[in-house]
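Novice: Submitted below is the structure of interest, expressed as structure tokens.
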Amino acid sequence: MTTLGLIGSGNIGGTLARLAVQAGYDVVLSNSRGPETLAGLVAELGPHARAATSAEAAEAGDLVVVTVPLHAYQAVPVEPLAGKVVIDTNNYYPDRDGKIAELEDESTTTSELLAAHLPTSHVVKAFNNIYFTHLLKLARPTGAPDRTTLLIAGDDPGAKATVTAFLDAIGYDTLDAGPLAEGWRFQRDTAAYTGLYIGPDGLAGPPRTGVGPDEIRPQLAAARRYADTRP
């Protein structure tokens, strides 16, 4: 793979674009406001980056990241993503996204919603449980003793292998949390959410380095459904 398509180029999307360019990928960025609004980021990233529409980014990417607010997931183009591996970074914030019945009653998960919208794609959940500044700062070469592990979930073993290779290229080890249905275990407000990587000085301070599988697995096991945490 040589090209990463980005549908959404905000905090997480822009950070992934930076890491991908550093790792030797070409990147095609898009957002809801139009390619011209990405001129500054493209200039910063250099000759391996260009801006496009969402459909064009989906078409160009060998691997595509969907990193849009959850309420906008149905605007993600379907046909250009057919047969492709799609990384989903979504989280559900009712104050931002409005209440979504299937997520309120926990009959499905955020990434399963996207997968249902993209029935011919191979969706893998990743990057949703790390703060974007930490994502940039914690990248390390393969084999580094303080390398950080990130979580993925997905239903297709080949797609998960593709995403694992991408994570390795941009500086991270991977822990497979299981199928998409298990992605709730590292969704918003769970034990495996962003707190794993926050250092003692909080978000304003440096992140914790070297968080690995042995530390993450108990946090996944400790996850509780939202219904079990409500008064």
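Bear in mind that the values in this text are calculations on the coordinates, not laboratory data. Just so it is clear, the model here is predicted, and its values are computed rather than measured. When we count neighbours, we look across all protein chains shown, and the Cβ atoms used for this are built from the backbone with ideal geometry, even at glycine.
Novice: Which of the three applies to segment 74-195, rounded, prolate or oblate, going by the alpha-carbon gyration tensor with a ≥ b ≥ c and a/c under 1.5 meaning rounded? Walk me through the numbers before you get to the answer.
Specialist: Numbers: a/c = 1.96, a/b = 1.31, b/c = 1.49.
Taking the square roots of the gyration eigenvalues as a ≥ b ≥ c, segment 74-195 is oblate.
Novice: For the chain, what relative contact order do you get, as a whole percent, if you take Cα pairs closer than 8 Å and at least 6 residues apart?
Specialist: Numbers: 446 pairs, mean separation 36.6, N = 231.
RCO, the chain: 16 percent.
Novice: Taking θ as phi - 60°, what are the ³J(HN,Hα) couplings along segment 13-18 by the Karplus curve (6.51, -1.76, 1.60), each to the nearest whole Hz, with x for Gly and Pro?
Specialist: x, x, 5, 5, 4, 4
Novice: How high is the FRET efficiency from A39 to T133, r the C-beta distance, R0 22 Å, rounded to 0.05?
Specialist: Values: r = 23 Å, r/R0 = 1.05.
The computed FRET efficiency comes out at 0.45.
Novice: According to the square roots a ≥ b ≥ c of the eigenvalues of the Cα gyration tensor, what is the shape class of segment 1-128, taking rounded for a/c under 1.5, prolate for a/b larger than b/c otherwise, and oblate for the remainder? Can you show the working numbers first?
Specialist: Details: a/c = 2.03, a/b = 1.63, b/c = 1.25.
Taking the square roots of the gyration eigenvalues as a ≥ b ≥ c, segment 1-128 is prolate.
Novice: Here is a follow-up. Assuming 0.36 nm per residue, please report the length gained on full extension of the stretch T2 to D95 beyond their Cα-Cα distance. Before the final figure, lay out each step's value.
Specialist: On the way: separation 93, 0.36 × 93 = 33.48 nm, distance 3.72 nm.
Difference between extended and current length: 29.8 nm.
Novice: If you don't mind, there's one more thing I want to ask. GNM on the chain, C-alpha springs below 10 Å: top fluctuator among A17, A159, A101?
Specialist: Maximum among the listed residues: A101.
Novice: Would you mind ranking I198, I7, I130, I152 so that the residue whose beta carbon has the fewest other beta carbons within 10 Å leads the list? Show your work: numbers first, answer last.
Specialist: Details: I198 18, I7 29, I130 26, I152 21.
Listing I198, I7, I130, I152 from fewest to most nearby Cβ atoms yields I198, I152, I130, I7.
Novice: Once you have all Cα-Cα distances for segment 178-228, histogram them in 10 Å bins from zero and send the whole-percent values.
Specialist: In whole percents, the pair-distance histogram is 24, 49, 24, 3.
Novice: Could I ask something else about it? When a footprinting reagent is the concern and you count Cβ atoms within 10 Å, what order do L114, L203 take, fewest first?
Specialist: Numbers: L114 23, L203 12.
With the fewest neighbours first, L114, L203 line up as L203, L114.
Novice: Another question, if that's okay. Give me the count of lysine pairs in segment 3-229 whose alpha carbons sit under 23 angstrom apart, restricted to pairs 8 or more positions apart or on different chains.
Specialist: Details: K84/K125; K84/K160; K99/K125; K125/K137; K125/K160.
So the count of such lysine pairs works out to 5.
Novice: About the Cα centre of segment 148-198, how large is the charge dipole given +1 on each Lys and Arg Cβ and -1 on each Asp and Glu Cβ? Please answer in debye to the nearest 20. Can you show the working numbers first?
Specialist: Values: 3 positive and 7 negative charges, 28 e Å.
Once rounded to the nearest 20, the dipole reads 140 debye.
Novice: Could you state the orientation-averaged shadow area of the convex hull built on the Cα atoms of segment 3-229, in nm² to one decimal?
Specialist: Mean projected area for segment 3-229: 11.9 nm², to one decimal.
Novice: Would you work out which of N128, L196, G83 lies farthest towards the positive end of the dipole of the chain, given +1 charges on the beta-carbon of Lys and Arg and -1 on that of Asp and Glu, about the Cα centre?
Specialist: Going by the charge dipole, the pick is L196.
Novice: Right, next: For segment 147-231, evaluate the Debye formula with one uniform point scatterer on each Cα (no solvent term) and list log10 I(q)/I(0) at q = 0.27 Å⁻¹, rounded to two decimals.
Specialist: Result of the Debye calculation: -1.34.
Novice: Give the long-range amide H neighbours of V27: residues separated by 5 or more places, or on another chain, with amide H under 5 Å away, using H modelled in the peptide plane at 1.01 Å from N.
Specialist: It is L4, A49, R50, by chain and number.
Novice: DSSP loop trypsin sites (Lys or Arg not before Pro) in segment 62-145 with at most 12 other Cβ atoms within 10 Å of their Cβ, which ones? Could the numbers behind the result be given before it?
Specialist: On the way: sites: K84, R96, K99, K125, K137; in loops: K84, K99.
Of the trypsin sites (Lys or Arg not before Pro), the ones in loops of segment 62-145 whose Cβ has at most 12 other Cβ atoms within 10 Å are K99.
Novice: Under a GNM of the chain (C-alpha, springs under 10 Å), which listed residue has the highest mean-square fluctuation: T37, T120, T15?
Specialist: Taking springs between Cα atoms under 10 Å, the residue moving most is T37.
Novice: Also: Let me have the 222 nm mean residue ellipticity of the chain computed from DSSP H runs of 4+ only, each contributing -39500 (n - 2.57), with the sum over all residues rounded to the nearest 500.
Specialist: Working: 10 runs with 75 residues, N = 231.
My calculation for the chain gives -8500 deg cm²/dmol from helical runs alone.
Novice: Rounded to the nearest 0.05, what FRET efficiency do R50 and E79 give with R0 = 25 Å and r taken as the Cβ-Cβ distance? Could you check? Can you show the working numbers first?
Specialist: Details: r = 21 Å, r/R0 = 0.85.
Between R50 and E79 the formula returns 0.75.
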